[in-house]
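Every number here is computed from the coordinates shown, using simple stated rules; none is lab data. Just so you know, these numbers come straight off a predicted model, no measurement behind them. All Cβ positions, glycine included, derive from the backbone under ideal geometry; neighbour counts span all protein chains shown.
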Amino acid sequence: MALICASLNVCAAAKKLPAHPIDLNTATLQQLEELPGVGPVTAQKILEFRAKSGPFKSVNDLLAVPRISKSKLAKIRPYVYIKPPAPKP
């Protein structure tokens, strides 16, 4: 059992984090999965929330997504942002 846990820790440590912050309103499933603490299920929940509720207005809106806690948001925050809306002509 210890060997399995050790293997999982190595895999978790090898996760590639985003090189640049990603926009939560345009991020793909694959981009979301690069975020710390976010796997396929949580990434899908973020996409479903965005589709149902519309664009995120704040990074803090992630707290309304199932599986996102305050501690998980703290780990994610440096890697995400909300692009401001384009100015109206």
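Using the Cα atoms of the stretch 15-81 to build a convex hull, what is its mean projected area in square nanometres?
Values: hull surface 15.3 nm².
Quarter of the Cα hull surface area: 3.8 nm².
Enumerate the amide H contacts of residue 22 below 5 Å, restricted to partners 5 or more residues apart or on another chain; note that Pro and chain-start residues carry no placed amide H.
Counting only residues 5 or more places away or on other chains, the set is 80, 81.
Normalised by the number of residues in the stretch 15-81, what is the relative contact order in percent for Cα pairs under 8 Å and 6+ residues apart? If you can, show how the numbers build up before the last one.
Numbers: 67 pairs, mean separation 27.3, N = 67.
Rounded, it is 41 percent for the stretch 15-81.
Report the label-to-label distance for residue 67 and residue 51 in nanometres (one decimal), using points 7 Å from each Cα along the Cα→Cβ vector.
Using points 7 Å along Cα→Cβ, the separation is 1.4 nm.
Using a Förster distance of 22 angstrom, determine the FRET efficiency expected from the C-beta separation of residue 17 and residue 58, and round it to 0.05. Don't skip to the end; give the middle numbers.
On the way: r = 22 Å, r/R0 = 0.99.
Computed FRET efficiency for residue 17 and residue 58 comes out at 0.50.
Determine, for 34, 48, the number of other Cβ atoms within 10 Å of each Cβ, and report the residues in order from fewest to most.
Details: 34 17, 48 12.
Lowest count first: 48, 34.
Can you tally the net charge around residue 83? Count Lys and Arg as +1, Asp and Glu as -1, for every other residue whose Cβ sits under 12 Å from the Cβ of residue 83.
Numbers: positive: 57; negative: 23.
Taking every other residue near residue 83 into account, the sum is 0.
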